[in-house]
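Here's the structure we're looking at; comments come further down.
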Amino acid sequence: MWILSIDTATKVTGLAVHFKCGLVAESFLHTGKTHSERLMPMVLQLLEQAGIGFGDLEAVAVSSGPGSFTGLRIGMATAKGIAQVRKIPLIGINTLDALAQNGLGFEGLVAPVLDARKDEVYTALYGIRGREISLIGQYEAVSPAVLAERLGSGRERVLFVGDAVPVYRELLEARLGEGAVFLPDSRSLPRGAHVGALAAERLARGERDDIYTLKPFYIRPSEAEATWAKKFGQGG
Amino acid sequence: MTGGTELRRNLILAIETSCDETAASVIENGQLIRSNIISSQIAVHQKFGGVVPEIASRHHLENLPWVVDQALEQAKVSFAGLDAAAVTYGPGLVGALLVGVSGAKAMAAAQGIPLIGVNHIEGHIYANFLAHSDLSFPLLCLLVSGGHTHLVVLEGHGKYRVLGRTRDDAAGEAFDKVARAMGLGYPGGPKIQAAAANGDGTRVDLPRAWLEAGSLDFSFSGLKSAVLNYLNRAAQKGEEVNKDDLAAGFQQAVVDVLVGKTLTAVKQSGVGTVLLAGGVAANQALRQELGRACRKEGLQFFYPPVELCTDNAAMIGCAAYYKFLAGEFAGPDLNAVPGMTLA
Ligand SMILES: [Zn+2]
């Protein structure tokens, strides 16, 4: 009944341990160190602090993107390795879905925004009513100016969460004014606990992914593929 | 051993993802290859004319679980039967390395077995220990691959003294670039070798860079430029290039320098056993000519079979075994070191 959740989609390393859908332990690091150096030591530490071992895990969940390509792969390779050895289900949770959970308690629209570099953000729009969060539209990589324009023409207030908030806050405020709502860091950055909560729900519904087919949700093709497609057309 | 009727078998699962091959292997006692699985991405990268790091990383993540499963299945062992997990942590493409490193760390931790980090270059050298059980130190190794051209003395396990290295392109890199310029495709090594087999290496005169007298360093960029100039001149004059002869001439120039410098290294170091290693060690002309030269000088000469010259995890498992014996284990904070060197 224990679930270990891993989120390395952004510069935050987020981990959580859930037991029977309840949060037991969580860690959050937003320091300069690389995921590669700190992830496994953090996993070992958190399991120990939670008083369990790898053998107790019933599933391992991972924030599967969008996000930093390398970060996603470090998290997913780690999650896959654990799932493979322990022969337990692997559960991928969309990073934006998990981040939208930060908006629980707010009534209205929530837009998680992740820094996708190249002047774009990974985002999706969700509606929150009580404890219900529902995805409106689709996951995309879009320029923050386009996003602000689109959301600025609506009437509902929009809550922005994610690591792109500090980068584009002024731009969003300029277009949305009072309609743009922000939270402190503690509630704006990704949390392992939210990945775990969604994973527990999926697991309870009997859903699971597996180590052979689960891939990060990159949204973007690699640059080489994009260039190639531009030159020779799709499907090559 | 007290009361033991059978010596305990040491089984190491090794993982290699430094470039475009996703590989896993189980090695018994540092010598017996129980399995050696390689999932090659050559076809994926071919249309780009070379390895695309981001695409390689993506494929490693998708391939690794299956490759590890296959390695264990073929070796008839489960995770619980392993003594250690080993992984290449450099040099190589950082994103590609990180997939293997992250996966191996998780597997070792989840199984509660030690983790061993292996230098990829060291792995190439150790392919010789897989193939030959009777090597005794000191050894002189000519290591030639896509990323490296080294002359190294091995004084003991894990003890290296680098005598010479390339100052610009690695030998394998030169093969790839020349093959691309000649329109032979990727990967360059096998393509050049195939074309050269039909050509005459004496018809195209290409330079050999020996550098300063006695230097054991290499330089292949001048040779590469000479081939490119040759192609350009022919194109300007509208002349047809005999690609087979050009490939043979290029290959001969590379081999001449590699063999010549290796013999100089033997003289300078006094080491009488020569090893050949690395992806370019699969080149038949190099194997033959270095072998011939060593015989003539009364030197012992060893090289791994072709399948252990190109990137594989068996060589990583072999190198890891000697680290296991020495108690050299990696922590859970092991990181990829893309620019790692030897010694
Ligand atoms: Zn190699």
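What follows is calculated from the coordinates using simple rules that are stated; it is not laboratory data. Because the structure is predicted, anything quoted here is derived from the model rather than measured.
Add -39500 (n - 2.57) for each DSSP H run of 4 or more in the protein assembly as shown, then divide by its residues: what number comes out at 222 nm, to the nearest 500 deg cm²/dmol? Display every interim value, and only then the final one.
Working: 19 runs with 241 residues, N = 579.
Theoretical 222 nm ellipticity from helices: -13000 deg cm²/dmol.
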Using θ = phi - 60° and the Karplus curve 6.51 cos²θ - 1.76 cosθ + 1.60, what whole-Hz ³J(HN,Hα) does each residue of segment B:252-267 get, with Gly and Pro shown as x?
4, 5, 5, 4, 4, 5, 4, 5, x, 5, 5, 5, 4, 5, 4, 5
Considering only chain A, percent of DSSP beta bridges that pair antiparallel, nearest 5
65
Three principal axis extents, largest first, for the C-alpha atoms of the protein assembly as shown, in Å?
85, 79, 36
Once both axes come from the Cα atoms, what is the angle between helix B:221-237 and the longest principal axis of chain B, in degrees from 0 to 90, rounded to 10?
40
Nearest 10 degrees, 0 to 90: what angle lies between the long axis of helix A:223-232 and the longest principal axis of chain A (Cα atoms)?
60
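In segment B:76-203, what % of DSSP beta bridges are antiparallel (nearest 5)?
Details: 12 of 17 bridges.
So the antiparallel bridges in segment B:76-203 amount to around 70 percent.
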Which aspartates and glutamates, if any, have their Cα less than 14 Å from the Cα of residue A:87, not counting same-chain residues under 8 positions apart?
A:56, A:58, A:209, A:210, B:69
Quick calc of log₁₀ I(q)/I(0), segment A:104-187, Debye, one scatterer on every Cα, no solvent, q values 0.11, 0.12, 0.19, 0.21 1/Å, result -0.25, -0.30, -0.78, -0.97
Counting only DSSP beta bridges with both residues in the protein assembly as shown, tell me the antiparallel percent, nearest 5.
60
Angle between the Cα long axis of helix B:284-296 and the longest principal axis of chain B, 0 to 90 degrees, nearest 10?
90
Could you name the lysines whose alpha carbon sits less than 24 Å from that of residue B:47, not counting residues in the same chain fewer than 8 places away?
A:215, A:230, A:231, B:177, B:191, B:224, B:243
From the P(r) of chain A, could you give the percentage of C-alpha pairs in the tail past 25 Å?
41
For segment B:67-143 and segment B:182-248, compute the distance between their C-alpha centroids and round to whole Å.
35
Integer Hz, Karplus 6.51/-1.76/1.60 couplings in order for segment A:92-105, x for Gly and Pro:
x, 10, 4, 4, 5, 4, 5, 5, 4, 4, 4, x, 3, x
Bins of 10 Å, starting at 0 and running to the largest distance - Cα pair percent for segment B:174-217
26, 39, 29, 7
Hull surface divided by four, with the convex hull built on the Cα atoms of chain B: how many nm²?
18.4
Under 19 Å from the Cα of residue B:261 - aspartates and glutamates, other chains or at least 8 residues apart
B:168, B:169, B:173, B:212, B:217, B:289, B:297
